[in-house]
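Remarks on the structure that follows.
The values are calculated or read from the model by the stated rules, or taken from the named source; none is laboratory data. Note that this is a predicted model, so its numbers are computed, not measured. Using ideal geometry, Cβ is built from the backbone for each residue, glycine included, and neighbour counts are taken over all protein chains shown.
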Amino acid sequence: MRRDVFQAIADPTRRAILLLIAFQAMTPNALAEHFDTTRQAVSKHLRILTECELVKPAQSGREIYYQLEVSKMKEVDKWLEQFRKLWEDRFNELDHVLLTLQKDKK
């Protein structure tokens, strides 16, 4: 079964992993130190994130470092943009109503 990006980011641990590796590539062991879970559990999360192409593994000697795949995150941002516009419009309408109420009060 192919997972999609939104299934991957639905899990709070996977979102936390993405935040951690957004700043620097990390190994599964280094990531596991940030969680109250096993390295195997972190590896499972990394496997899902890799399947969804949100992270990319890179071999360096014996270690595998995982780094954020920015282009895939841009897809999420693009999808969210439609909602961002909707909320901005609603807040602008609310500003207008509040200004009108304020003027009527004077």
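Screening region 67-96 for residues that are assigned to a helix (DSSP H, G or I) and of a type in the set (A, V, I, L, M) and picking the one that is farthest from the chain's Cα centre (by Cα) gives L94.
Taking the condition of being at negative phi and under 14 Å from the mean Cα position of the chain (by Cα), how many residues in region 32-66 meet it? Spell out the reasoning first.
First pass over region 32-66, keeping only residues at negative phi: 32-52, 54-60, 62-66.
Still in the running and under 14 Å from the mean Cα position of the chain (by Cα): 45-46, 48-50, 52, 54-55.
Here the count works out to 8.
When restricted to residues that are among the small types (G, A, S) and touching a Leu at 6+ places or on another chain (Cβ under 6 Å), region 16-56 contains 1.
Of all residues in region 78-106 being of a type in the set (D, E) and surrounded by 10 or more Cβ atoms within 10 Å (Cβ to Cβ), which is nearest to R47 (Cα to Cα)? I'd like the intermediate steps shown before the answer.
From region 78-106, those of a type in the set (D, E) are 81, 88-89, 93, 95, 104; that's our starting set.
Applying the additional criterion that residues be surrounded by 10 or more Cβ atoms within 10 Å (Cβ to Cβ) yields 81, 88-89, 93, 95.
On the way: E81: 28, E88: 36, D89: 39, E93: 44, D95: 45 Å.
Looking at the filtered set, the residue picked out is E81.
Looking at region 1-22, which of its residues are farther than 23 Å from Y65 by Cβ and over 10 Å from the mean Cα position of the chain (by Cα)? Scanning region 1-22 gives M1, R2, D4, Q7. Of the helices (runs of 4 or more DSSP H) lying entirely inside region 1-66, those containing at least 3 residues that are within 28 Å of W79 (Cβ to Cβ) and in contact (Cβ under 8 Å) with a residue 24 or more places away in the chain span 5-9, 12-23, 39-51.
Of the residues screened, E51 is one that is farther than 14 Å from I21 by Cα, surrounded by 14 or more Cβ atoms within 10 Å (Cβ to Cβ) and not hydrophobic (A, V, I, L, M, F, W, C).
Please work out if V42 is in contact with a Pro (Cβ under 7 Å, 6 or more places away or on another chain), of a type outside the set (S, T, Y) and within 22 Å of I17 (Cα to Cα). It would help to see each step written out before you state the result.
Details: in contact with a Pro (Cβ under 7 Å, 6 or more places away or on another chain): yes; of a type outside the set (S, T, Y): yes; within 22 Å of I17 (Cα to Cα): yes.
In short, yes.
Could you tell me which of the residues E53, E88, E75, E81 is under 22 Å from P28 (Cα atoms) and modelled with pLDDT under 95? Checking each option against the conditions leaves just E53.
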